[in-house]
Amino acid sequence: MKNNLFYFFILIFQFYFSNAQLNNSDTDKLSKLLTKKVNELRANLDKVPLKNNEDLAKAAKLHSIYTAKKGKLNHTQTGTNFPKPKDRVANYNKTFDIVGENILYSKPVRLPLSGSAINKLALEMFRSWKNSPGHYANMIFDDFTYSGFGFEYSPKSKRIFATHIFGKKGYVVPKQLSGNAFSIKEADKSCVELVGNKSNVIVNMGNSITIEDDEIFIKHHSLKTIKETIDKPSDGLAIDLVERDQLSCFKDNTLDISPIYEGVMLKPVFHNQLFSKNLSKNKKRLIASLGKVPEHLKGKSVSPNIILIKEGKKCGYAAPSYIPSRKYDLKFVDPIVFEPEIQLKTEGVMGVNMVEFNFDADKTNPTSIPTIPFQVEKLHSVDIKSYTSVDGNEEYNDKLHKARAIYIEKFVRQNVNNENLPIHVYAKENWDLCYYQLEITGLDEILSNDKTEIRNHIKKERNGNWKRFLEQQRQSKAIFYQYGDWLESSTLHLNYNLVDALLTSNYDLANKALAKMYKNDNSNLFLYEEFIVDYLFDKEELVQNVAALLLKNIDYYDLDNVVYFVRNWLSKPETLSKSAQKNLLNLYNMTSRKLLRHWDSSLDDFSKVLHPKKVEPLFNNYKSKDQVNPIFLNFHMTSIDYYGQINYNKKIEESFDFITDYFRKKALTIEDDIALSLFFNRWSSYHLTTELLGRRFKNKTLNEDASFILAKTYVANNEDMSSLIGIHKKALKFNKQRWCEWIDRDFQNLRNESVKNLYCKTCKN
């Protein structure tokens, strides 16, 4: 809604003298005569006649009094509360959206006026305005539907000062939730200072609004930025819901006349409420509800715009613009596989089965007695893993985990008819799991404390966040290993060899089986997680091939176990060969990418990712001035996601520049430029997208996808709108249906009159 104001004046110099006053009867007659003449002019041009409006007449009278007092013509009043025509109209009526004003003063006249003098004066005024191009434009302007006249006589100059105000009433959206916009005030000059250089922040906030099951959320990547913008109790956000029907074809947009909102405004959410109800899993982010869609708008096509409130005033407004973006996929890096020259076996230890025992704190009997759901013939051996959680007294815990081990061993003996069966008992406090839990919950600093300090910390938390972790620490197990033989053609031939090799510490055989598994498309580890961690993941001789096999099909395995494996060995890389390190670093990139795949990664997932600075020295071994190693590139693509979670801009920019430089140098095709543009957009570098694809637009080398990406990004970057319609036409030329569906879906594009005209002409005719 823009105000089209036409300001013109006319000076007529002729001199007559009189000492009388202009009465109401004379001004009424003069108004009627002028209205008749103006409407006759409009009728001849097939224009809608103007209706008289008392509020416009009052505003016109107000300005005629001012000009008569000053003795000269000017559309701007100085030293008053109503400097502009629209200010004067708004003083009496705030529903007028467009206002125009014609002014003049007459030649000196002699009062009182006779009937013929009034007729003559009306004709002279009409002709003066009609013969002036600017005044004439106001008189015949299509949008004006109301008008009012005001006159004032100047005894000093003996002239009549006349004002004719035109107006078009703005639209008033019905069913508002507040009669006064929840007491939010209009923007004023102070908003410039209050908002400062945060105009881009407001745009980003607009793009952060989503509707989910009729509830409206802001999901912003930087809580810090929002807090810097909304920093006082009287600051806040409000949603303004604009309906699709408000931007319909073949009629004016029906955006509300209100200076605060344009659709239906929801109740504002101020500073304290906004930040006290942050739903984000990552505390660097902001996810907060800004209200619900009112009942009368449910099921309708609506778009949520955002109002920034500063010190109780509307100081910003943004409509969402949905921009395509995407990450680069990690580059594939072939693992290095070690295959010893030995023969595989067809007999040995082949089966691994596990029975779990769950214990409550301080108890030596499990919460329930388990069953053995498998055959116990031909057993090779049994491992018993008996644990206590670390929160108790060390001496007491020693007795407790031994007593639990005795219970489990008795259970095994009762269910297995083999007095000579080897049973290996491992009973201890579960510090290994505890250390891992501390690390993944971000409590790295506590790891350097002695066990007494760690116990005290956990004791304080054992009825809260650590209750589940302590239950996991107490979980104990009996692992049954079965002996047998098998055919070389068996689908589990490789798995049986691996089990036997691990239990007999035959690492050449284990590596042979792992290498064959890697090369066999259908082979994956079937082993129980406990067995994997205890026998496979903790042997430095096997790290190279284990990492290779995990890389082959990472989605097949429990991610927590893979993360445990990666973190464990990257903390002591000096024990590994270069090939093992390379496979492990490759696995680090892949697991980290998976854990950071969500914009709002949970603290649990995020904390499992080893901080990039801890492994960066290892990746630096793959840094080269001549050619970028894909492992080093993948590290930057992982790092940017990590630092993006914590909004560490310095490191984000470092990785962003590295990735950009790499793919710029590699870009040869339009598809390469598209991928780079989507990467730019993911990191809100919209100007780089419009620069990159804008060159192709000028060179006429865009394809369909690039054309649509450029069009969707162009508006968000607040680019010079002079090129906008040409970019839209280019996308339209490639695919009319796709363009029409996009504009219909993202209908706030229709705020732009040129885009709306193109859409209505192309898609609705």
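The values are calculated or read from the model by the stated rules, or taken from the named source; none is laboratory data. As the structure is a prediction and not an experimental result, all values here were calculated from the model. Every residue, glycine among them, receives a Cβ derived from its backbone with ideal geometry; neighbour counts consider all protein chains shown. Side chains included, ligands, DNA and RNA excluded: accessible areas come from the protein's heavy atoms. Shrake-Rupley method; radii C 1.70, N 1.55, O 1.52, S 1.80 Å.
Helix 649-666 sits at what angle to the longest principal axis of the chain, using alpha carbons and giving 0 to 90 degrees rounded to 10? Computed tilt is about 90 degrees. Taking all protein chains together, Arg738, Arg159, Arg696 sort by accessible area into Arg738, Arg696, Arg159, largest first [probe 1.4 Å].
For the pair region 456-534 / region 173-225, the C-alpha centres are spaced 54 Å from each other. Hey, what angle do you get for helix 507-519 against the long axis of the chain, alpha-carbon based, 0 to 90 degrees rounded to 10? Helix 507-519 sits at roughly 40 degrees to that axis.
What order, most packed first, do the peptides 750-756, 704-710 have when packing is the mean number of other Cβ atoms within 10 Å of each residue?
Values: 750-756: 16.3, 704-710: 21.9.
Highest to lowest by the protection proxy: 704-710, 750-756.
Taking only protein heavy atoms and a 1.4 Å probe, what accessible area per residue, in Å², does region 565-692 have with all protein chains in place?
On the way: 5550 Å² over 128 residues.
Spelled out: the 1.4 Å probe surface of region 565-692, per residue, equals 43 Å².
When DSSP beta bridges are restricted to pairs lying wholly in the chain, around 80% turn out antiparallel. Share of carbon and sulfur in the accessible area of region 658-765 stands at 46%, probe radius 1.4 Å.
The distance between label points at Thr95 and Lys72 comes to 3.9 nm (points 7 Å beyond Cα on the Cα→Cβ vector).
With every protein chain left in place, what is the accessible area per residue of region 105-173 in square angstrom, probe 1.4 Å? Write down the numbers at each step before the final one.
Working: 2700 Å² over 69 residues.
It amounts to 39 Å² per residue over region 105-173.
At a Förster radius of 25 Å, what calculated FRET efficiency corresponds to the Cβ-Cβ distance of Tyr136 and Ser157, to the nearest 0.05? Let's see the in-between values first.
On the way: r = 26 Å, r/R0 = 1.03.
Here the calculated transfer efficiency is 0.45.
When the alpha-carbon atoms of region 149-270 are used, the pair Rg, Dmax equals 20.8, 70 angstrom.
Suppose R0 equals 41 Å; then what is the FRET efficiency for Glu347 and Trp431 from their Cβ-Cβ distance, rounded to the nearest 0.05?
The pair Glu347/Trp431 has a calculated efficiency of 0.60.
Let me make sure I get this right: for region 603-663, a, b and c are the square roots of the gyration tensor eigenvalues over alpha carbons, sorted descending. Under 1.5 in a/c it's rounded, otherwise prolate if a/b > b/c, else oblate. Which is it? Oblate.
Region 536-597 and region 382-406 have Cα centres lying 30 Å from one another. For P(r) over Cα pairs in 10 Å bins from 0, in percent, the value calculated from this model appears in (1) 3, 12, 18, 22, 20, 13, 7, 3, 1, 0; (2) 2, 12, 19, 19, 16, 12, 8, 6, 3, 1, 1, 0, 0; (3) 2, 10, 14, 16, 14, 12, 10, 7, 5, 4, 3, 2, 0, 0 under label (3).
Lys and Arg at +1, Asp and Glu at -1: add these up for the other residues within a Cβ distance under 10 Å of Thr762 and post the number.
On the way: positive: Lys729, Lys736, Lys761, Lys764; negative: none.
Its environment carries a net charge of +4.
Taking 22 Å as the limit for the C-alpha separation, the pairs Lys130/Lys756; Lys251/Lys712; Lys410/Lys477; Lys86/Lys267; Lys327/Lys736; Lys227/Lys650 exceed it in the case of Lys130/Lys756; Lys251/Lys712; Lys86/Lys267; Lys327/Lys736.
Send over a whole-number figure in Å² for the accessible area per residue of region 420-502, probe 1.4 Å. Before the final figure, lay out each step's value.
On the way: 4220 Å² over 83 residues.
Heavy-atom SASA per residue in region 420-502 reads 51 Å².
Solvent-accessible surface of protein heavy atoms, probed at 1.4 angstrom with all chains present, puts Ile118, Ile336 in the order Ile336, Ile118, largest first. Accessible surface ranking for Trp683, Trp466, Trp599, 1.4 angstrom probe, highest first: Trp599, Trp683, Trp466.
Residues of region 465-482 with backbone nitrogen within less than 19 Å of a virtual label 7 Å along the Cα-to-Cβ line of Lys410, please, listed as ranges. Residues passing the 19 Å test: 476-479.
Each of Asp329 and Ser381 was given a label point 7 Å from its Cα along the Cα-to-Cβ line. The distance between the two points is 4.4 nm.
Between helix 451-461 and the chain there is an angle of about 50 degrees, using the helix long axis and the longest principal axis of the Cα atoms. Label positions at Asn621 and Cys249, each projected 7 Å from the Cα along the C-beta direction, are separated by 6.4 nm.
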